[in-house]
Amino acid sequence: MKKVLKYVLYDILKNRFVIGYTLLLLLLSFAFFGFEVNPGKGVISLLNINLIVVPLVSIIFAATNFYNSYEFLELLSAQPLSRGTIFFSQYLGVCLSLSLAFLIGIGLPVLFFEGTMVGFRLVLTGLLLTLAYVSMAFWASVLTSDKAKGIGIALVIWFYFTIVYDGLVLTLFLSLSDYPMEKATIIFSLLNPTDLARILVLIKLDVSALMGITGAVFQDFFGSAKGVWISLTALCIWFIVPVFMAFKKFSNKDL
Amino acid sequence: MVAACTPAQKPIEYAKDPCQFCKMTIMEPGFASELVTKKGKVFKFDDLSCMIKYMKIEQTSIEDHAYVLVNMYGSNEFLNVQDAVFLHSESFKSPMRGDVAAFKGIPHHSHLPLETTEEIKPLNWAEIIKLF
Amino acid sequence: MILFKDIEKSFGKLNVLSDVNVEFSGGHSIAVVGPNGSGKTTLIKMLLGMVLPDKGKVYFDGKPISESHQYRGRIGYMPQISNYPPNLKVSQLISMMTDIRESAGWTGKLDNELIDAFEIDSFSNKTMSTLSGGTRQKVGAALAFRFNPDVLILDEPTAGLDPAACEILKDKIQNERQKGKLLILTSHILSDLDELTDHILFMNDSRIQFYQEIKGLKEEFQEDKLGKIIAQLMRAKSKSQSKILVS
Amino acid sequence: MKLIYPFLILLVSSFLPALAANYEIHNAEELVRVIKIAQDGDVLEINAGKYLINGLLIEKEINLVGKGFPVFDGQFKGEILTIKASNVTVSGIRFEHVGVTSVIDWAAVKVIESENVIIENNQLFDCYFGIYLSASNKCIVRNNEVEGIASNEQNTGNGIHSWKCDSLLIHNNTVRNHRDGFYFEFVTNSKVDSNLSVNNIRYGLHFMFSHRNSYSYNVFEKNGAGVAVMYTRNVDMHHNTFKNNWGSAAYGILLKDITDSHIENNTFDKNTVGILMEGCNRIEVNHNGFRSNGVALRIQANCEENNLKNNDFENNTFDIATNGMVVQNLLLNNYWDKYEGYDLNKDGLGDIEYRPVNLFSTLVERMPQVMMLLRSFTATLLDKIEKVMPSFTPENLMDEYPRMKPNLHEKIA
């Protein structure tokens, strides 16, 4: 696998899109930290990049790249390689290159300007989000052979987790305000990787606000070491399960 | 989710939970009280007077709730308000000065922080509501 | 050497292979022929493990190919259109393929005949995306032969190649044929097939219509040119079955 | 008869000092014996050492002066000193180990129905209640250090507790790990200044029904629920610092039913809620700094005619939250770091108004769990839409002339 991965990486790292993405993130990082007197505000702006731009780029790039590499995947499958090797070389290649872009574009500036726990969590959750959305992109891509359809599904996934899901939760909370919903907040948070990443950073950043109003259950959970570990595990599940489903589908797929 | 919606009483976390009405932290077990709505929402109070005032403002009564509970005086054991006997005296010094203590039956005088000469009449829930 | 046994395959409602039972032996050079959509490509892809049968099994040297991917180390495959990672250099692609074969246990002498003949070294520093279609075909051909495989699967090998390169490739194919290798070819250029193959597998309507030696076929049809025979066959089929066989 | 008493006191205090005796005390028995024989105005110099004392009643106008911090150990058996006489001074003594009862509030030093008692420079450690003033006037409590043991949460009393008192001075004390650091009920015309109240389980400062008092230059930090101020008129709070009060029921200040009061030049730093105002009228909230709070100001709908001027709002998650539509309060010339307007005429004031209440905070007021969506794309989107066409947030709650620069010159550290 290492052999193939090496060449997949050679290819993707020279991809103009990945280079552009790295530069864009770098530019944004320096702009946010440079213009804001208060680094806390820079972190908030970067958090939005983390939650909106990073998932979008990850899922679209991964899906597009999958379809563009389709013939190459065919070619590889005629070689003495297992489907697993082919699939995971491609998957890891995309994950590693996007993670590297993220680490250079956001990780380094954060380390430089905001080397705190908040900064660390920002980078960690951003990385996990990258992996999660790449996984979902792969899943979407193996489900359909139609490139336009696959990228469409990827976009819908992003749109759902970024906007629709929160809108649904909001509506649900407001219409069920007569019911006890303390535990529901935790469940709802765990069911959306973007929300999970956001809360893991906010629980450090806006701790005073979150401590106050969400209720004891929420703050006890996300404020405790156990809760943080559960959340991180959940985020990992968010990239492991889709990639596993994608791999299962890919193994039995006609190329 | 279904389980979460079945009304159930919840223990009060002293020094942590706020009173729904006066927003103060609930500290003293002997005076705290709790409302559980039929939909399962729990409201906690640091003083019986807070709960009664809250119920009056919200215009609700016992019938609207799954549980209306009060701590027995000097303990953190809940008692249904309709099963309780109440005593009202300034000597109780309850957190919001409702100064009402709840008991399972009429308590022995010597267990109370009352001035020896003080004589107080036991009250029931209907009578206690009128106090606040 | 290669055995297709009771193969059934459909894509959704579309039946692409039914009741396929055929055995290819070493030393044969087989032309896979049939109208578009008859299942040729699916058959080849199935042999390479890209398409999985719904029913039945494909055996390579007696072993089902679904059990291990190692057999593909003995196959050289030249796809019809060679698309490679755009930012990879030719040299990197070649060394990747070498790495893959070697880590799959391949040992032996590299066959660099085509690499030399096509002068691939002269552009080995270029990235794949900068190469023309024909040049990419040259790389594909060179890679298919490079590891001295026992089986060669060549999908439209001459399409896109300039006449000179075409001749080089055909010579190479003839060479390998003489070494007793199993060759499986598809081509629209029937004269090529005439020249390069000795067996014909004729497919139509997702079934194998027949598999036999070309020599015998020519005698049967009293015709010397393979092209004419095939044209005849196809016409006959489309009339008798009143089916539109277009893809 | 009652009239003669003041005269006697006057006589004693003006003629006796010269005659006042000085006693050197070395142990508990001696202390008890001397208190029996001592006259008004006498000074008892108490030498360092351990004194096992409980329930020592002082009914004479004497001065207890510790030398090298003698330790009065109550052995958890009851109160240590109970003072029922005016003009008593207690200083330089370390009090330890006052026991807990649910019926009586045992304290290290309790003053009952007396005047001009001075309690200063003492140390109190592991006492149920620390200093307890009951129905006493004109007393001074200063420079004391009061430290409880926080582990037994419900069994800790208040550090400095006053009930039905008038004209007290509470100055430069430190209280830690008690239930309420400072507690005042029915206390009037008193001054509480330069105290430090840290890590108390409930409130750093808590007063009810205590009119016409002033609180200044105090620091309230990391108290379980911050500071609570209730049912009181004419409170003057200035130059205090409220910081790091975190929790679901924690406030810099919880103001409940307060009228005609001043809250000025205070600093609110990193509190869950800086100020919660409920049922508050005619309060001047001016020149305060609100920084890094969850909600800087939470104004309930039943607050009217409050003025908020020249305050600085920086780095708060929410500047103002409210649960109503119409809020009859004035916001003027505050600095809001979230303000996005311009100052084209260069008068230091923004050219358009600032509305500090956003839609999201309004939704949170209605359903607290909505907070889960804080800073989500959806929440931001809703706020932007609301800004363009306000429909849910109170339209008249706005600062018409917001400042472009902070009023206070100190920047965030």
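Once you put a point 7 Å from the Cα of residue D:189 and another 7 Å from the Cα of residue D:260, both along the Cβ direction, what distance in nm separates them?
Going from the residue D:189 label point to the residue D:260 one covers 1.6 nm.
Which value, in debye to the nearest 20, gives the size of the charge dipole of region C:80-179 about its Cα centre, when Lys and Arg are +1 and Asp and Glu are -1 at the Cβ?
Working: 11 positive and 14 negative charges, 32 e Å.
Dipole about the Cα centre, nearest 20: 160 debye.
Give me, ordered by chain and number, the residues 5 or more places off residue C:39 or on other chains with an amide H under 5 Å from its own placed amide H.
none
Can you tell me the orientation of helix C:90-103 relative to chain C, as the angle in degrees between its alpha-carbon axis and the longest Cα principal axis, to the nearest 10?
Long axis of C:90-103 versus the principal axis of chain C: about 70 degrees.
Please report the buried accessible area for the interface of D with A, total over both chains, probe 1.4 Å, in Å² to the nearest 100.
Answer for the D-A pair: about 2900 Å² buried.
On the full set of protein chains, 1.4 Å probe, figure out the accessible area of residue D:375 and give it in Å² to the nearest 10.
Here the residue's solvent-accessible area equals roughly 60 Å².
Let me understand region D:152-283 better: what is its radius of gyration from the alpha carbons, and its Dmax, in angstrom?
Gyration radius and largest Cα-Cα distance of region D:152-283: 13.0, 40 Å.
By accessible area of protein heavy atoms, probe 1.4 Å, what ranking do D:106, A:229, A:139 get, highest first?
Descending accessible area places them as A:229, A:139, D:106.
Counting heavy atoms of the protein chains only and a 1.4 Å probe, report the per residue accessible area for the protein assembly as shown as a whole number of Å². Display every interim value, and only then the final one.
Values: 43860 Å² over 1047 residues.
Roughly 42 Å² per residue, with all protein chains present.
Counting partner chain Cβ atoms within 10 Å of every residue's Cβ in A:183-190, what's the average?
Counting other chains' Cβ atoms within 10 Å and averaging over A:183-190 gives 3.
Taking every pair of distinct Cα atoms and averaging 1/r, then inverting, what Kirkwood hydrodynamic radius in Å comes out for region D:20-223?
After inverting the pairwise mean of 1/r, the radius is 16.5 Å.
Using only the Cα atoms of chain D, what are the Rg and Dmax in Å?
Over chain D's Cα set, Rg and Dmax evaluate to 25.3, 82 Å.
What dipole magnitude, in Debye to the nearest 20, does region A:115-255 give about its Cα centre under +1 on Lys/Arg Cβ and -1 on Asp/Glu Cβ?
Result for region A:115-255 is approximately 460 debye, rounded to the nearest 20.
Using a 1.4 Å probe on the heavy atoms of the protein chains only, list every residue of region A:66-85 that has 10 Å² or more less accessible area in the complete assembly than in its chain alone.
A:71, A:72, A:74, A:75, A:76, A:77, A:78, A:79, A:80, A:81, A:82, A:83
Can you find, among D:158, D:72, D:210, the residue farthest towards the positive end of the dipole of region D:20-223? Put +1 on the C-beta of Lys and Arg, -1 on that of Asp and Glu.
Highest projection toward the positive end goes to D:210.
With N set to the number of residues, divide the alpha-carbon radius of gyration of region C:80-179 by 2.2 N^0.38 Å and report two decimals.
1.03
Can you list the aspartates and glutamates whose alpha carbon sits under 14 Å from that of residue A:41, skipping same-chain ones fewer than 8 residues off?
A:114, A:206, D:314, D:337
To the nearest 500 deg cm²/dmol, what mean residue ellipticity at 222 nm is calculated for chain C from DSSP H runs of n ≥ 4 alone, each contributing -39,500 (n - 2.57), summed and divided by the residues? Numbers along the way, then the final one.
Values: 8 runs with 88 residues, N = 247.
Mean residue ellipticity at 222 nm (helix-derived): -11000 deg cm²/dmol.
Show which lysines lie in cross-link reach of residue A:226 when reach means a straight Cα distance below 19 angstrom and same-chain residues fewer than eight apart are skipped.
By straight Cα distance, residue A:226 reaches A:183, A:204.
Calculated from DSSP H runs of 4 or more alone, at -39500 (n - 2.57) each and per residue, what is the 222 nm mean residue ellipticity of chain D, nearest 500?
Using -39500 (n - 2.57) per qualifying helix, the result is -3000 deg cm²/dmol.
Ignoring ligands, DNA and RNA, please state the percent of accessible area on chain C from carbon and sulfur, probe 1.4 Å. Before the final figure, lay out each step's value.
Details: 5410 of 11170 Å².
C and S fraction of accessible area: 48 percent.
Please work out the Kirkwood hydrodynamic radius for region A:2-251, using every pair of different C-alpha atoms, and report it in angstroms with one decimal place.
Result for region A:2-251, one decimal place: 19.0 Å.
For each pair in A:248/C:45; B:44/B:104; C:45/C:228; C:55/C:170; A:149/C:89, compute the distance between the two Cα atoms and list the pairs where it is over 26 Å. Don't skip to the end; give the middle numbers.
Values: A:248/C:45 20 Å; B:44/B:104 20 Å; C:45/C:228 28 Å; C:55/C:170 36 Å; A:149/C:89 31 Å.
Those over the limit are C:45/C:228; C:55/C:170; A:149/C:89.
Can you sort C:220, C:23, D:353 by 1.4 Å-probe accessible area, starting with the largest? Mind dumping the intermediate values first?
Details: C:220 125, C:23 100, D:353 75 Å².
Order by accessible area, largest first: C:220, C:23, D:353.
Once you have a ≥ b ≥ c as the square roots of the Cα gyration tensor eigenvalues for region A:51-163, tell me rounded if a/c is under 1.5, and otherwise prolate or oblate according to whether a/b is larger than b/c. Kindly include the intermediate steps, with their values, before the conclusion.
Numbers: a/c = 3.05, a/b = 1.65, b/c = 1.85.
Judged from the Cα gyration tensor, region A:51-163 comes out oblate (a/c at least 1.5, b/c at or above a/b).
In whole percent, and with a 1.4 Å probe on the protein chains, what portion of the accessible area of chain D is carbon and sulfur?
Numbers: 8870 of 16590 Å².
That fraction is 53 percent.
Could you tell me which helices of chain A pass both thresholds, a Cα extent of 27 Å or more along their own axis and a mean Kyte-Doolittle hydropathy of at least -1.0, with helices taken as whole DSSP H runs? Don't skip to the answer; put the middle values down first.
Details: long enough: A:16-35 (28 Å, 1.96); A:83-102 (28 Å, 1.17); A:117-143 (39 Å, 1.77); A:225-251 (38 Å, 1.37).
Membrane-span-like by this rule: A:16-35, A:83-102, A:117-143, A:225-251.
Please state the charge dipole magnitude for the protein assembly as shown, taken about the Cα centre, from unit charges on C-beta atoms (+1 on K and R, -1 on D and E), reported in debye and rounded to the nearest 20.
3220
Going by amide H atoms built from the backbone, whose H comes under 5 Å of the H on residue D:148, apart from near neighbours?
Here D:126, D:176, D:177, D:178 satisfy the definition.
Considering Cα pairs under 8 angstrom that are at least six residues apart, work out the relative contact order of chain B and quote it in whole percent.
21
Averaged across the residues of A:170-181, what count of C-beta atoms belonging to other chains lies within 10 Å of each residue's C-beta?
Across the residues of A:170-181, the mean count of other-chain Cβ atoms within 10 Å is 6.
Quick one: angle between helix C:133-146 and the longest Cα principal axis of chain C, in degrees between 0 and 90, rounded to 10, please.
90
Compute the helix-to-body angle for C:163-178: its Cα long axis versus the longest principal axis of chain C, expressed 0 to 90° and rounded to tens.
The angle comes out at about 70 degrees.
Considering the options B:112, C:95, A:201, tell which one lies farthest towards the positive end of the dipole of the protein assembly as shown, charges being +1 on Lys and Arg and -1 on Asp and Glu at the Cβ, about the Cα centre.
The residue sitting most towards the positive pole is C:95.
Checking the a/c ratio against 1.5 first, then a/b against b/c, what shape does the Cα gyration tensor give for region D:313-413?
prolate
Using mean Cβ contacts within 10 Å as the protection proxy, how do D:226-235, A:161-170 order, highest first? Mind showing how you got there, number by number?
Details: D:226-235: 23.0, A:161-170: 19.0.
The densest-packed peptide leads the list: D:226-235, A:161-170.
After finding the eigenvalues of the alpha carbon gyration tensor for the protein assembly as shown, what semi-axes result from the square roots of 5 times each, listed largest first in whole Å?
Listed largest to smallest, the semi-axes of the protein assembly as shown are 87, 29, 27 Å.
Which one of A:85, C:108, D:52 is farthest out on the positive end of the charge dipole of the protein assembly as shown, using unit charges on Cβ (Lys, Arg +1; Asp, Glu -1) and the Cα centre as origin?
So the residue furthest toward the plus end is C:108.
Under 16 Å Cα-Cα from residue C:172, which lysines qualify once same-chain neighbours fewer than 8 residues away are excluded?
C:138, C:181
So for region A:2-251, averaging the separation of alpha carbon pairs under 8 Å that are six or more residues apart and normalising by length, what relative contact order in percent results?
Worked out over region A:2-251, it gives 26 percent.
Computed FRET efficiency, Cβ-Cβ of residue C:222 and residue C:159, R0 25 Å: what is it to the nearest 0.05?
After rounding, the FRET efficiency stands at 0.20.
Nearest 100 Å² is fine: how much accessible area is buried between A and B, summed over both sides, with a 1.4 Å probe?
The summed interface area works out to 800 Å².
Rounded to the nearest 500, what is the 222 nm mean residue ellipticity of chain A from helices alone, with -39500 (n - 2.57) per DSSP H run of 4+ residues and division by all residues?
Calculated mean residue ellipticity at 222 nm is -26000 deg cm²/dmol.
For residue C:106, what is the net charge nearby, where nearby means another residue's Cβ is under 13 Å from its Cβ and Lys, Arg count +1, Asp, Glu -1? Could the numbers behind the result be given before it?
Numbers: positive: A:3, C:72, C:74, C:101, C:109, C:146; negative: C:99, C:102, C:111, C:150.
So the environment of residue C:106 carries a net charge of +2.
From other protein chains only, count the Cβ atoms within 10 Å of every residue's Cβ in D:289-296, then give the mean.
Across the residues of D:289-296, the mean count of other-chain Cβ atoms within 10 Å is 3.
In Å² (nearest 100), what accessible area is buried between C and A, both sides summed, heavy protein atoms only, 1.4 Å probe?
So the buried area, both faces added, is about 2500 Å².
If you bin every alpha carbon distance in region C:90-247 into 5 Å steps from zero, what whole percent lands in each bin?
P(r) for region C:90-247, in whole percents per bin: 2, 7, 15, 17, 17, 13, 11, 8, 6, 3, 1.
Taking the inverse of the average 1/r across all pairs of different Cα atoms in chain B, what Kirkwood radius in Å do you get?
One over the average 1/r among Cα pairs gives 14.9 Å for chain B.
The values are calculated or read from the model by the stated rules, or taken from the named source; none is laboratory data. All values reported here derive from a predicted model rather than from experimental measurement. For neighbour counting, all protein chains shown are included, and Cβ atoms are generated from backbone atoms with ideal geometry for every residue, glycine included. Just the protein is used for accessible areas: all its heavy atoms, side chains included, with ligands, DNA and RNA removed. Shrake-Rupley method; radii C 1.70, N 1.55, O 1.52, S 1.80 Å.
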